[in-house]
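The values are calculated or read from the model by the stated rules, or taken from the named source; none is laboratory data. Computed from a predicted model, the values in this text were never measured in an experiment. Quick reminder, even Gly has a Cβ in these numbers, built from the backbone with ideal geometry, and neighbours come from all protein chains shown.
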2 protein chains.
Amino acid sequence: MAKDKLVREITAMEDDFAQWYTDVVVKAGLIGYTSVKGCMAYKPAGYALWENIQKELDRRFKETGVENVYMPVLIPESLLQKEKDHVEGFAPEVAWVTKGGLNDLTEPMCIRPTSETLFCDFYQKEIQSYRDLPKVYNQWCNVLRWEKETRPFLRSREFLWQEGHTAHATAEESHERTIQMLNLYADFCEEFLAIPVIKGQKTEKEKFAGAEATFTIEALMHDGKALQSGTSHDFGDGFAKAYGIQYTDRDNQLKYVYQTSWGMTTRLIGAVIMVHGDNKGLVLPPRLAPVQIMVVPIAQHKEGVLDAAHGVLDRLSARFRTKIDETDNKPGWKFAETEMRGIPLRVELGPKDIENGEAVLVRRDTGEKIAVPLDSIEDRAGEILESMQKEMLERARAHRDSHTYVAANYEEFADTITNKPGFIKAMWCGDQACEDKLKEEFAATSRCMPFEQEHLSDVCVCCGRPAKKMVYWGKAY
Amino acid sequence: MAKDKLVREITAMEDDFAQWYTDVVVKAGLIGYTSVKGCMAYKPAGYALWENIQKELDRRFKETGVENVYMPVLIPESLLQKEKDHVEGFAPEVAWVTKGGLNDLTEPMCIRPTSETLFCDFYQKEIQSYRDLPKVYNQWCNVLRWEKETRPFLRSREFLWQEGHTAHATAEESHERTIQMLNLYADFCEEFLAIPVIKGQKTEKEKFAGAEATFTIEALMHDGKALQSGTSHDFGDGFAKAYGIQYTDRDNQLKYVYQTSWGMTTRLIGAVIMVHGDNKGLVLPPRLAPVQIMVVPIAQHKEGVLDAAHGVLDRLSARFRTKIDETDNKPGWKFAETEMRGIPLRVELGPKDIENGEAVLVRRDTGEKIAVPLDSIEDRAGEILESMQKEMLERARAHRDSHTYVAANYEEFADTITNKPGFIKAMWCGDQACEDKLKEEFAATSRCMPFEQEHLSDVCVCCGRPAKKMVYWGKAY
């Protein structure tokens, strides 16, 4: 039977999570492969997710006074090299343009891996006086990093993102904006993507190349691996000094600006798949879903069925992103297809339902079937979608909490990281040597020093010396 | 006085149109210069224009069934070379990536100058059956062409655009889609940008590299030069044959697909500036304008003025994109500033106006001042903006028509092209030698063979042999 065949094509996540993931991104029609190594083609169902993320994030940005701009895709080598840590961090992973038209370039240029250098160059020219501050700019664009191992959405050579770059008069203001955007990211993940996150600060080892401090939101995937889902960097006046970005203040003194940057990428789509997906395919939170409701007529050749189905479609379309599947495929195939594509709600409508003045609503996340009177179908669909959005977040939070462990000492850490995929909360002395050791021994990285600190013990989980911070550890994508 | 000073900074367009243009793009805050040769920084006021163009075009696309996707930014050299005419057209003007990370690439890749090759590669993998057709895909992205001479918006190495790429079962269908998109472009220009266009077909000499036929919309700028504002290409099955894109039809035969592509770019912003702008700066058509109304309180230190202005702001904001200028600058400065930035309507509100229960509305295009009762200000503002949108189109059309000339023979052509900037309608034999000659002699190019043909004479304006087509000629950006 068609339905079984389609479902059979996905590897079960318990058997091979990586293969399950690949199956879902392909079978749900999110991406296609290309002849360009390490790059992917976003198909309509995949790109529509990015469009919805973009629309919602952009709206939230603009509410906080962000303005969109656009800087060049190329960075001259000399510009990249002005901030020492930054160039060391990025130079090994950029692509170099050495020829333009028919001529060799006198100076190579790289394709932007991130645009701090370009914004600094721009701000250096634009900012003269305190009246020019703050600048709260953002751009939506593509960036390129020459990754060796790539996976759709999670790590690809080219990816799409937004990068905010701001300039402020004081350190307080830049710090405030850094935290404001981190909070915005966290709220967005929870409210829109139904993904709960841990907010915290990166360690020195893990912070962004050139930043004074990096803040992060960390999410837990279904397989117990962590995914860094958004970062916000406070640069202090480090870049300003490297690029000479100064302004004349009210007191007529020449001062350096303080800067931030913050970004979210298409890897969020990978997070949605790995947090909510199941063995039938994608499961999309209703607010994100490009198609929220699919109407599936049953026995559509019978008189009145298609008419009734279109009546329902029209009414639902006034409030929800709704489609109808009136292809000549079997209902079982259509059901499997809406499930594979993660459409939150399916409306089944056949001759009997019509006779009873009802339709059957099927929730994608729980599979629950709910018979609903046709005359209140919009309200009931709205209620169900709202519940689903809320419960998906709750389930994801419950999963994360039940996969968050405490390790009081090295043995517990070793046991947990080896046998229990998830976050590990453990104390840390603050010494990078311990981070290095845990990474080498267990491929575990410090995810963040969470804002909500707990006192688990007095000593570092690795070296036993006095502890300074509680850290979330984990294996990460 | 501040106002005079600001205005003095723009060169008059009669004195030096090119300098006037540069002054406007800089003083209106549309662009900033960067350290990246031939590339520009889009500042908030410039990028907001592109965002509005994008939103409206995207809406119109989707109404015709277009779906958005995203293909890689890099094209391997071997992929670029599959279609002979296409590679000849583009190879001389692409940027080459030869190094990724720390290693030289075994195969160079270029940054996309356009993405036919990537879409063909993708369609070749995706399309198997007639059930997979049509594909009506579009992407919004950046592209790069290694131009030698660049001008903001009109010609820059990197620009932003949309490129639609479709695949169809039949030649009829691909031709229909080509014309459908050209009509959509023309309607968009007239209805949204208030720019009238001539629709027609490009000659063999001017058509897109690899196309069977290229269609274009041509607009006339204030200085009498033409601007190609959007193109739509019918590829027939040429690319399909080069890239092996075949499908199994209902009759079980293997057939090649028929393709189209069509694009509009950020140069539209240049068109808006050069069609509508004046010596006070930018003039934006109301539908495009990011800020449609600016409220300017007069004597704002006086009691009640700012309160009243905010009352007006709140009411107008419910229906229009409205801002208030309550900086401590002088009113004259504020007026000049709203004029420079092209804001369609200014609301002046001072103590006397408030006493009279009125406000003064000032149209950006005509400078007309209209006293309006406060209690009907939304309706009156709406009417004025509607009239302005309509009259801007009419004025642009009148300007174009009064700068469109007929040349019956070589002498008339020579006289007109030399002394009267504008379009020249003239008959053509169809021989490329004549196009080459007119280009060499007068730097005049064939803009298009318009759909609306007229019979002006029996002979070619250049060689005197029998004429085949009426052609629009002109000097172009």
Practice item. Residue by residue through segment B:150-172, note down the ones that are under 22 Å from B:ILE53 (Cα atoms), part of a loop (DSSP other than H, G, I, E, B) and of a type outside the set (S, T, N, Q). Key: B:PRO152, B:PHE153, B:LEU154, B:ARG157
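Being free of Cβ contacts under 8 Å to residues at least 12 places away in the same chain, farther than 24 Å from B:LEU193 by Cα, surrounded by fewer than 17 Cβ atoms within 10 Å (Cβ to Cβ) and not hydrophobic (A, V, I, L, M, F, W, C) narrows it down to one of B:ASP401, B:ASP458, B:ASP436, B:ASP415, so name that one.
B:ASP415
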Review point. How about segment A:247-323: which strands (runs of 3 or more DSSP E) wholly inside it have at least 3 residues that are in contact with a helix residue (DSSP H, G or I) (Cβ under 8 Å, 6 or more places away or on another chain) and either assigned by TED's automatic domain parsing to the domain that holds A:LEU361 or closer than 23 Å to A:ARG364 by Cα (or both)?
Key: A:293-297
Point to revise | Test for A:ILE217: is it among the aliphatic types (A, V, I, L, M), free of Cβ contacts under 8 Å to residues at least 60 places away in the same chain and surrounded by fewer than 20 Cβ atoms within 10 Å (Cβ to Cβ) | key: no
Practice item. Would you mind stating whether A:LEU160 is among the hydrophobic types (A, V, I, L, M, F, W, C), modelled with pLDDT of 95 or more and either out of contact with any strand residue (DSSP E or B) (no Cβ under 8 Å at 6 or more places or on another chain) or closer than 15 Å to A:GLY230 by Cα (or both)? Key: yes
Study note, to complete from the structure: Residue hits (segment B:106-116; buried (at least 19 other Cβ atoms within 10 Å of the Cβ) and either out of contact with any Pro (no Cβ under 9 Å at 6 or more places or on another chain) or part of a strand (DSSP E or B) (or both)) are B:PRO108, B:MET109, B:CYS110, B:ILE111, B:PRO113, B:THR114, B:GLU116
Exercise for review: Please tell me if B:TYR70 is without any contact (Cβ under 8 Å) to a residue 24 or more places away in the chain, buried (at least 21 other Cβ atoms within 10 Å of the Cβ) and among the aromatic types (Phe, Trp, Tyr).
Suggested key: no
Check your understanding: Among (1) farther than 21 Å from B:ASN68 by Cα; (2) in contact with an Asp or Glu (Cβ under 6 Å, 6 or more places away or on another chain); (3) within 12 Å of chain A (Cβ to nearest Cβ), which single condition is B:LEU144 missing?
Key -> (1)
Review point. For segment A:97-112, does any single residue satisfy the condition of being closer than 19 Å to A:SER261 by Cα and either in contact with a strand residue (DSSP E or B) (Cβ under 8 Å, 6 or more places away or on another chain) or among the basic types (Lys, Arg) (or both)?
Key: yes
Exercise for review: Considering every residue within segment A:301-311, establish whether at least one is buried (at least 20 other Cβ atoms within 10 Å of the Cβ), under 29 Å from A:GLN54 (Cβ atoms) and among the aliphatic types (A, V, I, L, M).
Suggested key: no
Revision key, fill the gap. Out of (1) among the small types (Gly, Ala, Ser); (2) farther than 24 Å from A:VAL24 by Cβ; (3) under 26 Å from the mean Cα position of the chain (by Cα), the one A:GLY342 does not meet is (2)
**Study point:** Checking A:ILE217 against (1) farther than 27 Å from A:VAL24 by Cα; (2) among the β-branched types (Val, Ile, Thr); (3) in contact with a Ser or Thr (Cβ under 7 Å, 6 or more places away or on another chain), the condition it does not meet
**Key:** (1)
**Study point:** Only listed residue being closer than 12 Å to A:ALA408 by Cα and of a type in the set (S, T, N, Q), chosen from A:SER457, A:SER446
**Key:** A:SER457
Check your understanding: Can you name the strands (runs of 3 or more DSSP E) wholly within segment B:363-449 that have at least 2 residues being under 25 Å from B:ASP187 (Cβ atoms)?
Key -> B:423-428
Point to revise | Residues that are among the β-branched types (Val, Ile, Thr), assigned to a loop (DSSP other than H, G, I, E, B) and in contact with a strand residue (DSSP E or B) (Cβ under 9 Å, 6 or more places away or on another chain), drawn from segment A:325-362 | key: A:ILE343
Point to revise | Members of segment B:221-247 that are in contact with a Phe, Trp or Tyr (Cβ under 7 Å, 6 or more places away or on another chain) and of a type in the set (Ser, Thr, Tyr) | key: B:THR231, B:SER232, B:TYR247
Review point. Residues in segment A:93-102: is at least one closer than 27 Å to A:TRP473 by Cα, out of contact with any Cys (no Cβ under 6 Å at 6 or more places or on another chain) and at the interface with chain B (Cβ under 9 Å from one of its Cβ atoms)?
Key: yes
Exercise for review: Scan segment B:120-137 for residues that are surrounded by 24 or more Cβ atoms within 10 Å (Cβ to Cβ) and more than 9 Å from chain A (Cβ to nearest Cβ) and jot them down.
Suggested key: B:CYS120, B:TYR123
**Study point:** Residue among A:ALA371, A:ALA336, A:ALA381 that alone is at pLDDT 95 or above and more than 33 Å from the chain's Cα centre (by Cα)
**Key:** A:ALA371
Review point. What residue, among those in segment B:92-104 that are in contact with a Phe, Trp or Tyr (Cβ under 6 Å, 6 or more places away or on another chain) and not in a strand (DSSP E or B), is modelled with the highest pLDDT?
Key: B:GLU93
